[in-house]
Amino acid sequence: MSSTRLAILSPAAHGPMQLPASMGQLVAQVESHQEVWDCWLQSWELPVTVGEIAPFLDELSRQALHQGREVIWAPMSSASSSVRLVLHGVGQPEALRRALTTLHLQNFIPGRILHGQGDDLALILHGPDGPLGAANHCLIEALEGISLDAAVTSLWDRGHFRLLLTDMDSTLISIECIDEMAAYLGLKRQVAALTERSMAGELDFQSSLRERVRLLAGTPADTIDAIIRERLSLSPGARELVAAAKAQGVEVGVVSGGFTQFARHLQETLDLDYAFANTLEIIDGQITGQVLGDIIDAAAKADILDLLAAGLGTDAGHCIAIGDGANDLPMIRRAGVGIAYHARAVIRAQADFQIRYGGLDTAAAYLGWSTA
């Protein structure tokens, strides 16, 4: 049976809007009636078609316009589905208004609020069944210039995801380890330039890594311990994301084109289930400038995702991948959910979701995992 969903967004100072008595008799269910982010959000399901109540909707819109409120509605059919809208950042009424009015153009109507405290707002959207890429693209465009992160996501059941795999440098941690090692030799500018070009996809990763490592020849191996002790710091929200994943029964691993000493330190610090990285050759306490064995590059990261998924009795569609560079793209595209973290535009464009402003705990918000 067809129905109509109706929502009204009002400034908090105005209070909620009252429906005309004639329309109130039609309300089947009040789904949302709550103040959030300095707004009142009201949402109803009406067991009639839009055509049957068009005069009422027109009059309601006219009244709302004079009162500075937003009224939106859309027909709902049996093909409609429910998804989640997540806004993560300092609560701003303008952000909520832009998000809801933009998504209305994609035929999505807000329903009940799932979470609306602090920096997180999550609410149900009712709308068409199908891929969410277009809705997310429109949402990001609409919020340009507002410093918060946003996504329209599926409502995944607990247990849907089995594995979270994340990049290390500039993702799980805030530094590029090889750049910091180069700084000890006064070579940071040269090495950082190669790193930047590699992560942007301008240089072949394997060749770039070998060239950068050659510049480190002769560096005392204990330099690595000094960097871990003095300079390595987790990215904001890293602990919260890992804790949230584990609370969901999701295994967590780091896979890096960097080096094993750093990856193993993170494995111990965060109690990760897996750690994969490259091995520097060290002889007589000095880095030789060579990498041992096969290099973990873009293809290897995606292959590791597949292998770990198979070991868990599932496939890549039940995995999450997070990264920031070109060498993360294959695993981001392979995973059921790929998230670009403070990445370049070319990376963000190919990910399911993007984090541009917040920490890694934003990913937990997108996935519907509580970080409390």
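Just to be sure I understand, how many residues within segment 317-348 are small (Gly, Ala, Ser) and assigned to a helix (DSSP H, G or I)?
The qualifying residues number 3.
For segment 157-180, state whether one or more residues are part of a loop (DSSP other than H, G, I, E, B), closer than 20 Å to Asp306 by Cβ and aromatic (Phe, Trp, Tyr).
Yes; the residues of segment 157-180 include at least one that is part of a loop (DSSP other than H, G, I, E, B), closer than 20 Å to Asp306 by Cβ and aromatic (Phe, Trp, Tyr).
Mind counting the residues in segment 93-127 that are modelled with pLDDT of 90 or more, open to solvent by 30 Å² or more (accessible area, probe 1.4 Å) and not in a loop (DSSP other than H, G, I, E, B)?
The qualifying residues number 8.
Looking at (1) buried (at least 18 other Cβ atoms within 10 Å of the Cβ); (2) out of contact with any Pro (no Cβ under 9 Å at 6 or more places or on another chain), which is the only condition Ser43 fails?
Of everything listed in (1) buried (at least 18 other Cβ atoms within 10 Å of the Cβ); (2) out of contact with any Pro (no Cβ under 9 Å at 6 or more places or on another chain), Ser43 misses just condition (2).
Taking Val90 as meeting all but one of (1) modelled with pLDDT under 90; (2) under 27 Å from the mean Cα position of the chain (by Cα); (3) part of a strand (DSSP E or B), write down the number of the exception.
(3)
Kindly indicate whether Ser174 is open to solvent by 50 Å² or more (accessible area, probe 1.4 Å), of a type in the set (Ser, Thr, Tyr) and touching a residue at least 60 places away in the same chain (Cβ under 8 Å).
Values: open to solvent by 50 Å² or more (accessible area, probe 1.4 Å): yes; of a type in the set (Ser, Thr, Tyr): yes; touching a residue at least 60 places away in the same chain (Cβ under 8 Å): yes.
For Ser174, the condition - open to solvent by 50 Å² or more (accessible area, probe 1.4 Å), of a type in the set (Ser, Thr, Tyr) and touching a residue at least 60 places away in the same chain (Cβ under 8 Å) - is met.
Look through Ala299, Ala310, Ala365 and report the one residue that is free of Cβ contacts under 8 Å to residues at least 12 places away in the same chain, out of contact with any Lys or Arg (no Cβ under 8 Å at 6 or more places or on another chain), in a helix (DSSP H, G or I) and open to solvent by 10 Å² or more (accessible area, probe 1.4 Å).
Answer to the check: Ala310.
Here are some residues: Gly338, Gly317. Which one is within 13 Å of Leu164 (Cα to Cα), without any contact (Cβ under 8 Å) to a residue 40 or more places away in the chain and out of contact with any helix residue (DSSP H, G or I) (no Cβ under 8 Å at 6 or more places or on another chain)?
On the way: Gly338 fails: out of contact with any helix residue (DSSP H, G or I) (no Cβ under 8 Å at 6 or more places or on another chain).
Sole residue among the options that is within 13 Å of Leu164 (Cα to Cα), without any contact (Cβ under 8 Å) to a residue 40 or more places away in the chain and out of contact with any helix residue (DSSP H, G or I) (no Cβ under 8 Å at 6 or more places or on another chain): Gly317.
The values are calculated or read from the model by the stated rules, or taken from the named source; none is laboratory data. Here the structure is a predicted model, which means the values were calculated and not measured. Note that each Cβ is placed from the backbone with ideal geometry, even for glycine, and that neighbours are counted across all protein chains shown. Only protein heavy atoms, including side chains, enter the accessible area calculation; ligands, DNA and RNA are left aside. Shrake-Rupley method; radii C 1.70, N 1.55, O 1.52, S 1.80 Å.
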